[in-house]
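The values are calculated or read from the model by the stated rules, or taken from the named source; none is laboratory data. Remember, predicted model here, so these are calculated numbers, not experimental data. In this analysis, Cβ positions are derived from the backbone assuming ideal geometry, glycine residues included, and neighbour counts consider all displayed protein chains. Surface accessibility is based on the protein's heavy atoms, side chains included, excluding ligands, DNA and RNA. Shrake-Rupley method; radii C 1.70, N 1.55, O 1.52, S 1.80 Å.
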Amino acid sequence: MRVHAFHRLYQQRLERSTKPFNARGCKVDRCQHCQVSVTYCICHYQPDIETDVAVMLLVSDNEVFKPSNTGRLILDTVKEGYAFQWSRTEPSKDMLDLLNDPRYQPIVVFPDEYVDDKQRLIQGEPQPFCQGKTPLLIFLDGSWREARRIFRKSPYLDSLPVLSIKPESLSQYMMRRSDNEQHLATAEVACLVLKEMRQDVAALTLANWFDAFKESYLLSKSRGKVDPQRPALKRFIEQQQNEKSV
Ligand SMILES: [Zn+2]
């Protein structure tokens with residue numbers, strides 16, 4: 001398994017924290033990397049694919065400790081991934097350096113209706129917009145309320161272009177979904193964005209990886225309600241084998 005920036009952020013925060021973070025379901029003996037119970041750990045299956053994009057997660061408050069976090073799954077899928085603790089007053093220097101690195105075109109992923117300056121919105125194809133630079137997709141990882149706060153209160157994001165999911169792909173996706181959850185998980189947003197960035201293999205890989213994670217995560221806490229045959233994990237493995245044989 002490849003240890004990535006989200007895992008490292010988790011370890012750093014753990015070492016620095018004075019009191020334990022009591023996540024719901026903290027009695028479960030979880031794998032430190034995938035946060036699924038040790039019995040159903042999925043780390044062995046972590047995706048191993050290449051992409052033409054980089055990803056930066058700006059992680060809110062205690063999001064890094066939430067076992068249900070899905071930003072982690074994006075960095076499982078996109079190998080060039082960065083994760084930084086968000087701070088309103090003390091932004092990380094490494095993060096600012098990355099935003100100013102001429103090799104990258106940073107792009108904030110956020111819904112267009114919350115963007116006051118509509119000039120910031122990327123219209124049309126996002127890939128040509130980057131003019132040969134590596135797109136650095138920035139996801140605000142936290143609850144919806146926290147994500148909005150990060151978007152509003154981070155001056156270093158203010159001048160960056162914003163990519164929003166097209167309404168038609170969003171509604172198509174919402175129709176296929178089985179639950180009625182109104183807001184998408186960070187990994188689900190990333191699936192749609194990767195698709196818009198023409199990273200089809202990565203988009204499909206992340207979608208299946210997200211399903212496999214959700215299944216194993218639920219299996220960890222509610223035995224009996226989830227199919228122990230793990231059909232989502234099987235679908236993920238099958239798709240990865242297909243990609244390799246193409
Ligand atoms: Zn694991």
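Take the residues in the range 201-229 that are outside any helix (DSSP H, G or I) and under 17 Å from Gln35 (Cα atoms); name whichever of them is most open to solvent (accessible area, probe 1.4 Å).
The residue in question is Arg223.
Among residues belonging to the range 178-200 that are acidic (Asp, Glu) and open to solvent by less than 30 Å² (accessible area, probe 1.4 Å), point out the one that is farthest from Leu75 (Cα to Cα).
Among residues in the range 178-200 that are acidic (Asp, Glu) and open to solvent by less than 30 Å² (accessible area, probe 1.4 Å), the one farthest from Leu75 (Cα to Cα) is Glu196.
One residue is enough: does the range 181-198 have a residue meeting the conditions over 20 Å from Leu121 (Cβ atoms), more than 15 Å from the chain's Cα centre (by Cα) and either touching a residue at least 12 places away in the same chain (Cβ under 8 Å) or in a loop (DSSP other than H, G, I, E, B) (or both)?
yes
Among the residues of the range 43-54, are any within 14 Å of the ligand (Cβ to nearest atom) and surrounded by fewer than 13 Cβ atoms within 10 Å (Cβ to Cβ)?
yes
Closer than 29 Å to Lys133 by Cα and within 16 Å of the ligand (Cβ to nearest atom): is that true of Phe6 in this structure?
Working: closer than 29 Å to Lys133 by Cα: yes; within 16 Å of the ligand (Cβ to nearest atom): yes.
So Phe6 passes the test.
Select, from Arg103, Arg88, Arg72, the only residue that is open to solvent by less than 50 Å² (accessible area, probe 1.4 Å) and among the basic types (Lys, Arg).
Only one candidate passes the filter, namely Arg72.
In the list Phe139, Phe210, Phe151, which residue meets the criterion of being over 19 Å from Ser60 (Cα atoms), modelled with pLDDT of 95 or more and within 17 Å of the chain's Cα centre (by Cα)?
Phe210
Within the range 67-95, which residues are charged (D, E, K, R) and at pLDDT below 95?
Arg88, Glu90
Determine, yes or no, whether Arg120 is basic (Lys, Arg) and under 20 Å from Leu194 (Cα atoms). Please lay out each step first, then the result.
Details: basic (Lys, Arg): yes; under 20 Å from Leu194 (Cα atoms): yes.
So Arg120 passes the test.
Can you tell me which residue is least open to solvent (accessible area, probe 1.4 Å) among those in the range 119-134 that are touching an Asp or Glu at 6+ places or on another chain (Cβ under 8 Å) and at pLDDT 95 or above?
Going through the qualifying residues, I end up with Leu121.
Assuming Val28 fulfils every condition listed in (1) open to solvent by 10 Å² or more (accessible area, probe 1.4 Å); (2) farther than 23 Å from Gln240 by Cβ; (3) outside any helix (DSSP H, G or I); (4) away from the ligand (no atom under 13 Å from the Cβ) apart from one, which condition is it?
The single condition Val28 does not satisfy is (4).
Name every residue in the range 84-109 that is part of a strand (DSSP E or B) and closer than 17 Å to Ser143 by Cβ, in order of residue number. Show your work before the answer.
Going residue by residue through the range 84-109, those that are part of a strand (DSSP E or B) are 84-85, 104-109.
Those that are part of a strand (DSSP E or B) and closer than 17 Å to Ser143 by Cβ: Gln85, Val109.
Of the residues Thr39, Thr77, only one is among the polar types (S, T, N, Q) and within 12 Å of the ligand (Cβ to nearest atom); which?
Thr39
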